[in-house]
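In what follows, a single structure is set out as structure tokens and then discussed.
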Amino acid sequence: LVKLIMAMMGDDIILPCHLEPAVDAGELTVEWSRQDLTPRFVYKSEDGVELLTEQNSLYTRRTSLSVSKLQCGDISLKLSTVKLSDAGTYKCLVPTYGAESVVQLAVVPSFPKSFPSSGKGRVSHNKCNMGLAVLFPPLVSVIIFAVCCQIFLHLSFSF
């Protein structure tokens, strides 16, 4: 069973993986890999020690496991600052248990936080005012329609 995870570029996400039955995974070998990469390891740890020398450089300082959750068999991978190039198929593996899980990550581009304006400053397009940009054209249409209806009604009754 492949789990599909959607992420927006720049987000921090969790790629889920759990041992069942839940056992303390703190001292186990945990591997997260992508077969299309060389080296293939996105994250690897043995006996609770992260093996950075085997990690693909695209993931340097962007991956981690929750130490507290490892005790409950939760070996989900936190991937920080998602990039478009992170899209792909990830495999979670605990070799001593033969446990594995596959996660498909899809990454969508994010909207720029700001665009240059014609003036000296910058126009911000963050989450707070982006809704207005989406709502504004339909709102203008409704106002124009209402004004036209008023004019039509006014003309209809003036004869």
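The values are calculated or read from the model by the stated rules, or taken from the named source; none is laboratory data. The structure displayed is predicted, hence computed values, not measured ones. Methodologically, a virtual Cβ is constructed for each residue, glycine included, from the backbone with ideal geometry; neighbour enumeration extends over all protein chains shown.
Can you name the residue in region 66-85 that is touching a helix residue (DSSP H, G or I) at 6+ places or on another chain (Cβ under 8 Å) and of a type in the set (S, T, N, Q) and is also surrounded by the most Cβ atoms within 10 Å (Cβ to Cβ) among such residues?
Among them, the one singled out is Ser76.
Name the residues in region 45-84 that are touching a Phe, Trp or Tyr at 6+ places or on another chain (Cβ under 7 Å) and closer than 16 Å to Val102 by Cα, would you?
Answer for region 45-84, where residues must be touching a Phe, Trp or Tyr at 6+ places or on another chain (Cβ under 7 Å) and closer than 16 Å to Val102 by Cα: just Leu77.
Can you tell me which of (1) modelled with pLDDT of 55 or more; (2) closer than 22 Å to Met8 by Cβ; (3) surrounded by fewer than 10 Cβ atoms within 10 Å (Cβ to Cβ) is the one Val107 doesn't meet?
Answer for Val107: the failing condition is (3).
Can you tell me which of Ser85, Ser80 is in contact (Cβ under 8 Å) with a residue 60 or more places away in the chain and closer than 26 Å to Leu4 by Cβ?
Ser80
Answer yes or no as to whether Arg122 is basic (Lys, Arg), at pLDDT 95 or above and loosely packed, with under 12 Cβ neighbours inside 10 Å.
Considered against the rule, which asks whether it is basic (Lys, Arg), at pLDDT 95 or above and loosely packed, with under 12 Cβ neighbours inside 10 Å, Arg122 comes out as no.
Out of all the residues in region 4-43, which are within 13 Å of Ala87 (Cβ to Cβ) and part of a strand (DSSP E or B)?
Selection gives Leu4, Ile5, Met6, Ala7, Met8, Ile13, Leu15, Val42.
May I ask you to list the residues in region 45-59 that are part of a strand (DSSP E or B), surrounded by fewer than 20 Cβ atoms within 10 Å (Cβ to Cβ) and among the small types (Gly, Ala, Ser)?
Those that are part of a strand (DSSP E or B), surrounded by fewer than 20 Cβ atoms within 10 Å (Cβ to Cβ) and among the small types (Gly, Ala, Ser): none in region 45-59.
For region 18-44, give me each residue that is hydrophobic (A, V, I, L, M, F, W, C) and surrounded by 14 or more Cβ atoms within 10 Å (Cβ to Cβ).
Across region 18-44, the qualifying residues are Leu19, Val23, Ala25, Leu28, Val30, Trp32, Leu37, Phe41, Val42.
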